[in-house]
Amino acid sequence: MNAILDGFRDFFQAIREINQKYKTPRIKTTRMITISLLMLRIYLIAMLILLLYTFISTVVRQIIP
Amino acid sequence: MNAVSRLYYANRRVVKFLRLLAMIAGPGILVMVADNDAGGITTYTATGAKYGYALIWFLVLLGPIAYFVQEMTVRLGAVTKRGHAEAIFDAFGSFWGWFSIFDLTLTDWLTLVSEFIGMTAALGIFGIPHWITTVIVILLMAIMVIQGRYWTWEKIALAFCIINLIYIPAAFLVHPNWSEVIRVGWLPHFPGGLNGTLFFFLMANVGTTIAPWMVFFQQSAVVDKNLKEKDIPWSQLDTGIGAFFTVVVAIFCIVVTAAVLKGVNIQSAAEAAVGLMPYSRYAGTFMAIGLFDAGFLGAICISLSSSWAVGEVFGWAHSLNNKVREAPWFYAVYFVMLLSAGIVVLIPGAPLVTITLFVQVAATTLLPAALVFLILLLNNEELMGKQKNNRFQNAVNFTIVIGLILLSTGYSLTTLFPNWLH
């Protein structure tokens, strides 16, 4: 049990170290990059909402025919 | 001087060129041929059965598109000496880095399941039980990676690429009307007008030509092969040859089904292979062998693209030149992906159709992210130096990326809401 907990602890420690290492983006943030990343965020959020909507509506349709 | 020496002396430049190409070629041909994976073959057979030869011109157009996207990964890998995942972490920070890793691992695993579906269905035609196919595939893939040399792995994988050409003799066996193939296939047109069904087929073909795993795989392979900036022209040639073969295979695959099964509603390539059997036993057999090989090639590349990416980010040893004991986590990720995907196919009543559908949605939805990062990185002078995209490359690549984003979004929407275009 302890070995499993240690394994998880090491894993999360590694993730913390990676987050620390890449905390600051190395690329110079130009206007083009800011706009591109913003549009990408909006696109991904919209697609995620559509995926969830389809999933939930499919499940609801199966439960309440 | 004997005849052989004289021949060598007369053609020494050609021999030197071919020798260099044989040394450097690999990642480009592999990624492009593996692009015609089980899902890809299913799309081509369905396209041939539905529209005959009419969409061959569209596949010809997809060749250069695939080349221009993949060529960017060559330059990025050779210049930065980093895989795509690590490059995203470094350039855009940990949020986008984790997003990319999650995106890649999810789509890779789902695609890997679809490769196993294709492989088990292909060998199932010959009466081989699914579990035996799964065990054989896992063993073969284990033998390929644990020998501890990238070069050997690559050459074995390239041998499997040659089997992918089996659709060429299969096409000759079904005796298509070649003048019709040229007359109908090479003239750009939309059969029956640009309606919802045709749009869905066009987008499905685009979706099989460019996938997020390809971007990650080729960049990591370029790094693992230790290709340098001076090797970029050779790697570009390697990618160009691969793009040529991927289109050739796709065209011949369409010719096979268009000649025999036009008008038949094909749901999978295995179904097409069975449908071909009464007409030509050899053509049907070749189709089944080709499907198995396509799934196998896809599986060997996809499973590696994830383990390379995770290894890069976690800082583990992550080269095929490492033995298992030198890079245990790299191989652990590889085998966990492989085994879990193989097991899913063996679960009785597993929702394989839903998984196949979800693979298409996930891959095409997440493709824009991979392409946006790629084009931003290739425009960074500090990172790329003189290998930065020039005006021509930017004009071509921006057009391709915007086009692909629109088409892949349309494809996702069509899959999620099948009636929106009807």
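The values are calculated or read from the model by the stated rules, or taken from the named source; none is laboratory data. Treat the numbers as computed from the prediction; the structure is a model and nothing was measured. Glycine gets a Cβ as well: all are built from the backbone with ideal geometry, and neighbour counts include every protein chain shown.
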(Q) Just to check your reading of the model, which residue among B:PRO368, B:PRO418, B:PRO351 is farther than 28 Å from B:ILE156 by Cα, at pLDDT below 85 and surrounded by 19 or more Cβ atoms within 10 Å (Cβ to Cβ)? (A) B:PRO368
Q.
Step by step: first the residues of region B:73-86, then only those that are buried (at least 24 other Cβ atoms within 10 Å of the Cβ) and under 18 Å from B:ASP238 (Cα atoms), then the one that is nearest to the other protein chains (Cβ to nearest Cβ). Which residue is that?
A. B:LEU76
Q | Selected residue [crowded, with 22+ Cβ neighbours inside 10 Å, of a type outside the set (S, T, N, Q), modelled with pLDDT under 90 and within 19 Å of B:TYR167 (Cβ to Cβ)] from B:VAL260, B:VAL255, B:VAL264 | A | B:VAL260
Q. Quick check, is B:GLY83 within 29 Å of B:ALA243 (Cβ to Cβ), touching a residue at least 40 places away in the same chain (Cβ under 8 Å) and within 17 Å of the chain's Cα centre (by Cα)?
A. no
(Q) Can you tell me which of (1) surrounded by fewer than 18 Cβ atoms within 10 Å (Cβ to Cβ); (2) at pLDDT below 90; (3) on the phi < 0 side of the Ramachandran plot is the one B:ILE132 doesn't meet? (A) (2)
Q: Tell me which of these B:PHE89 doesn't satisfy, since it passes every other one: (1) under 18 Å from A:SER36 (Cα atoms); (2) outside any helix (DSSP H, G or I).
A: (2)
(Q) Only one of B:VAL14, B:VAL31 is over 24 Å from B:GLY403 (Cβ atoms), of a type in the set (A, V, I, L, M, F, W, C) and out of contact with any Leu (no Cβ under 8 Å at 6 or more places or on another chain). Can you tell me which? (A) B:VAL14
Q: Considering (1) among the polar types (S, T, N, Q); (2) more than 27 Å from B:ALA85 (Cβ to Cβ); (3) touching a helix residue (DSSP H, G or I) at 6+ places or on another chain (Cβ under 6 Å), say which one A:ASN19 fails and leave the rest.
A: (2)
**Q.** Every residue from region A:20-36 that is aliphatic (A, V, I, L, M) and more than 7 Å from every other protein chain (Cβ to nearest Cβ)
**A.** A:MET32, A:ILE35
Q: Would you check if B:ILE56 is under 29 Å from B:SER303 (Cβ atoms) and not polar (S, T, N, Q)?
A: no
Q: For B:VAL15, indicate whether it is in a helix (DSSP H, G or I) and without any contact (Cβ under 8 Å) to a residue 12 or more places away in the chain.
A: yes
(Q) Six or more apart or on different chains, Cβ atoms under 6 Å: show the pairs whose first residue is in region B:87-106 and at the interface with another protein chain (Cβ under 8 Å from one of its Cβ atoms) and whose second is aromatic (Phe, Trp, Tyr) and part of a helix (DSSP H, G or I). (A) B:GLY97/B:PHE89
Q.
Any residue at all in region B:350-360 that's free of Cβ contacts under 8 Å to residues at least 12 places away in the same chain, more than 30 Å from B:TRP316 (Cβ to Cβ) and away from chain A (no Cβ under 13 Å)?
A. yes
Q.
Checking B:SER408 against (1) closer than 21 Å to B:ASP103 by Cα; (2) surrounded by fewer than 17 Cβ atoms within 10 Å (Cβ to Cβ), only one condition comes out false. Which one?
A. (2)
Q. So which of B:ALA85, B:ALA34, B:ALA78, B:ALA91 ends up being small (Gly, Ala, Ser), closer than 25 Å to B:ASN397 by Cβ and modelled with pLDDT of 90 or more?
A. B:ALA78
Q. How many of the residues in region B:297-332 are over 19 Å from B:LEU158 (Cβ atoms), more than 22 Å from the chain's Cα centre (by Cα) and assigned to a loop (DSSP other than H, G, I, E, B)?
A. 9
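Yes/no per residue for (1) touching a residue at least 12 places away in the same chain (Cβ under 8 Å); (2) of a type in the set (A, V, I, L, M, F, W, C); (3) more than 14 Å from chain A (Cβ to nearest Cβ):
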{"position": "B:GLY298", "(1), (2), (3)": "yes, no, yes"}
{"position": "B:VAL313", "(1), (2), (3)": "yes, yes, no"}
{"position": "B:ARG325", "(1), (2), (3)": "no, no, yes"}
{"position": "B:ALA332", "(1), (2), (3)": "no, yes, no"}
{"position": "B:ALA363", "(1), (2), (3)": "yes, yes, no"}
{"position": "B:ALA370", "(1), (2), (3)": "yes, yes, no"}
{"position": "B:ASN390", "(1), (2), (3)": "no, no, yes"}
{"position": "B:GLN393", "(1), (2), (3)": "yes, no, yes"}
Q. Taking the stated definitions as given, is B:ILE400 within 14 Å of another protein chain (Cβ to nearest Cβ) and either out of contact with any Cys (no Cβ under 7 Å at 6 or more places or on another chain) or not in a helix (DSSP H, G or I) (or both)?
A. no
